[in-house]
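The values are calculated or read from the model by the stated rules, or taken from the named source; none is laboratory data. The model shown is predicted, which means the values in this text are computed figures rather than measured ones. All Cβ positions, glycine included, derive from the backbone under ideal geometry; neighbour counts span all protein chains shown. Remember, those area values only see protein heavy atoms, side chains included, never the ligands or the DNA or RNA. Shrake-Rupley method; radii C 1.70, N 1.55, O 1.52, S 1.80 Å.
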Amino acid sequence: MQAELAAQDRMMANKRPTPIVRDADALLRRGMEALEFDRIDEAVGVLRQAAEIAPDSHDVQLIYGVALMRAMEMYPAIAALEAAIALDPQSFFAHFRIAEAYMRVGVPSRAKEYLDTAMQISVTPEQRKMVRELASLEAKRAPLRVWRPDFVGLLRKKAPPK
């Protein structure tokens, strides 16, 4: 009996729930509400469903990336935020959040690229202030950071000219 229950638990752990709500906007609202109340796991689950239903929605990808960052799932968060940037290259918040994600994973060169872009596309003084504060925070962290190679930067330098 107990082995049977354990087998059922393993099957259910791998099974993805079918969303009852098939409206990405409704799921987005529920996910944002869950984030506001710090129900991070619920937000990630709901927003994952929204991203599956509407993979071409910039807002869904952006909020999903933010939820993944709050859940400390940094690499999936970066992927979602890159998808948001691909959908809307002029999105300030997508560039800002991906810069923050790259800072958290310790890739300051990529973070600086996205912060520079965020500064260029910022339209309000508040947005520019956000970028300056994040850049200042990174400048304070830089001397304490353990050096790690940035392979993307190395590959760019070694690429043959076209």
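Of the residues that make up the stretch 82-89, is at least one open to solvent by less than 10 Å² (accessible area, probe 1.4 Å) and either at negative phi or not in a helix (DSSP H, G or I) (or both)?
Yes, the stretch 82-89 contains at least one residue that is open to solvent by less than 10 Å² (accessible area, probe 1.4 Å) and either at negative phi or not in a helix (DSSP H, G or I) (or both).
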Item checked: Filter result for LEU27 (at pLDDT below 90, in contact with a Leu (Cβ under 9 Å, 6 or more places away or on another chain), crowded, with 21+ Cβ neighbours inside 10 Å and not in a loop (DSSP other than H, G, I, E, B)) -> yes
Item checked: Every residue from the stretch 98-143 that is among the charged types (D, E, K, R) and within 19 Å of LEU68 (Cβ to Cβ) -> GLU100, ARG104, ARG110
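Conditions (1) open to solvent by 40 Å² or more (accessible area, probe 1.4 Å); (2) at pLDDT 80 or above; (3) under 28 Å from GLN61 (Cβ atoms), marked per residue:
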| site | (1), (2), (3) |
| --- | --- |
| ARG97 | yes, yes, yes |
| ARG104 | yes, yes, yes |
| VAL107 | no, yes, yes |
| SER122 | no, yes, yes |
| GLU133 | yes, yes, yes |
| ALA139 | yes, yes, no |
| ASP150 | yes, no, yes |
| LEU155 | yes, no, yes |
Check: Which of the residues belonging to the stretch 64-75 are open to solvent by 10 Å² or more (accessible area, probe 1.4 Å) and among the small types (Gly, Ala, Ser)?
Finding: ALA71
Next item on the list: Could you tell me whether the stretch 10-17 includes any residue that is at pLDDT below 85, open to solvent by less than 30 Å² (accessible area, probe 1.4 Å), outside any helix (DSSP H, G or I) and more than 27 Å from ALA101 (Cα to Cα)?
Entry: no
Check: Taking the stretch 50-63 only, how many residues are open to solvent by 30 Å² or more (accessible area, probe 1.4 Å), assigned to a helix (DSSP H, G or I) and not hydrophobic (A, V, I, L, M, F, W, C)?
Finding: 3
